[in-house]
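Each value in this text was obtained by applying a stated rule to the coordinates, not by laboratory testing. Everything quoted here is computed from the prediction, not taken from an experiment. Backbone-built Cβ (ideal geometry, glycine too); neighbour counts: all protein chains shown.
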Amino acid sequence: MARASKVAAKPKKKTVRVTRRGTNKMPLMPLKGITWNKAKLYTHYEVESKEWLSVVKEYIKKHYDKKTVSAINKLPDWKIGNSSHWTCTAYLLDNNPDIVPDAYREGIHTWILKLAEEGATIAEAKKAEEKAKPKNIHKPSIQERIYEQAQEAVEDIDEWLEGFIQDPKTFDPKGFDFKGHFTKKGVTQAHARKMKKFYDTALDDFRDLQRMPTAGQLKKMTEQEADLWAQLKEGYSHLKKADINKYIAAIESLVEALDFVIESSKAQRKPRVAKPKSADKLVEKLKYAKTDEKYKLASVNPIEIIGASEVWVFNVKTRKLGKYVASNVDPKGMKRDGTGLTVKGTTIQGFDEKLSIQKTLRKPEETLKEFKSAGKVKLRKFLEELSTTDTKLNGRINADTVILKCV
């Protein structure tokens, strides 16, 4: 009798788990009424593994000393952020510690110390390797050293700006003491110039967000241009307009502080153009404001007054902006006898009393900012465009006077 053929069983359909989506899912964990096991399952299945690393690192940074943090940072990321249960433990210890079992409380501490020990071993090995290397293989150039020092100087600033990424609402755009930090780190104008470049791209992106075109304007653009705007909008879609303005204010205050360092150095630096030997003696008794914190201004070297065709000054006490015009200069700006302006004691001499005038600034911060960016052409009618009444200059310079520009 023929044996009946065995009917093949229908294969069971494989259950495919939905891929985790989105970022910053850890804070969305429902803490109310949650159990330890449910919390672990949520962390493992709902939170991207990339986020595990940031949660654990943040916990270590918050609860351990700098030495431990530094040692752990020597390890590769996969060693720190490869366990969802430690991620869950770290997060709950800060947000709902009552449901964390004692074994995990003690376990995460032991695990972190083990990581620190391993990282310290790596650091020591690297030091030993560096010592074993032949010396003088590469001697960093001056520019390389300045770049490295500039990078070190912005570490604390980047940490401050990190607060904006974590929570834009509580971020304070005026919450960093740039002057104190620059003094502590010994930031010079050479460092400041390189530090400015570190933030150019971010500042440009946020300024573009401020002028995001409307739907009607996007239709008039090419497909490529419209696509670039769409990518920019999507990349920062989580930010509100107030947050964007807040970040721009923070970066602008940083750039302003760096510009202040650069401008301040000019007051102490001799100009490249050779001046008469007697120029130093002519200005040695001149009293002027080298810098002014309120308006973020720095004087040029007063030696530049000697022989200049024009000198711009600003009195920080009276808020008057003035321009001295040499009397031996024709309307086209050419010197007739080559002498220009000069100084005697505390007074500028050789200026045209009719052309040399001053005006009070109603909004000094805005006007001075515009003045700094003005070129030669715009400066010709800069005072004329101010609506306040002009008065004559008397030539006297005092401790409240900032020497803005010499032409």
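Taking amide H atoms as placed 1.01 Å from N in the peptide plane, the amide H of LEU297 lies under 5 Å from those of ASP292, each 5 or more residues away in sequence or on another chain. Springs join every pair of Cα atoms under 10 Å in this Gaussian network model of the chain, and among LEU209, LEU282, LEU218 the largest mean-square fluctuation is at LEU218.
The shape of the stretch 279-406 comes out oblate: with a ≥ b ≥ c from the C-alpha gyration tensor, a/c is at least 1.5 while a/b does not beat b/c. Calculated mean residue ellipticity, 222 nm, the chain: -15000 deg cm²/dmol, from DSSP H runs (n ≥ 4) at -39500 (n - 2.57) each, averaged per residue and rounded to 500.
When only alpha carbons are used to place a centre, the stretch 339-384 and the stretch 289-330 end up 7 Å from one another. For the peptides 89-96, 293-300, 149-156, the ranking by packing is 89-96, 293-300, 149-156, with the highest mean count of neighbouring Cβ atoms within 10 Å listed first. For the residues LYS369, LYS378, LYS32, a GNM of the chain with alpha-carbon springs under 10 Å puts the largest fluctuation on LYS32.
Ranked by the mean number of other Cβ atoms within 10 Å per residue, highest first, peptides 240-252, 171-183 order as 240-252, 171-183. Shown for the stretch 142-268 is the translational diffusion coefficient from the Stokes-Einstein equation, using the Kirkwood radius over Cα pairs, a temperature of 25 °C and a viscosity of 0.890 mPa s: 150 µm²/s.
Look at the alpha carbon pairs under 8 Å that are at least 6 residues apart: their mean separation over the length of the stretch 279-406 gives a relative contact order of 38 percent.
Quick check: from the Cα gyration tensor, does the chain come out rounded (a/c under 1.5), prolate or oblate?
Prolate, because a/c is 1.5 or more and a/b exceeds b/c.
In the chain, a dipole from Cβ-located charges (positive for Lys and Arg, negative for Asp and Glu) runs towards its positive end, and of PHE198, VAL47, LEU361 it is PHE198 whose Cα lies farthest in that direction.
Pairs with C-alpha atoms separated by more than 23 Å, drawn from the list LYS185/LYS296; LYS294/LYS369; LYS174/LYS381; LYS66/LYS185, are LYS174/LYS381.
From Cα pairs below 8 angstrom and at least 6 apart in sequence, can you work out the relative contact order of the stretch 26-127, rounded to a whole percent?
In percent, rounded to a whole number, it is 34.
Given springs between every Cα pair under 10 Å in a Gaussian network model of the chain, which of ASP77, ASP280, ASP352 has the largest fluctuation? Per the Cα network of the chain with a 10 Å cutoff, ASP77 tops the list. Between amide H atoms placed 1.01 Å from N, distances below 5 Å from PHE351 occur with SER327, all of them 5 or more places distant or on a separate chain.
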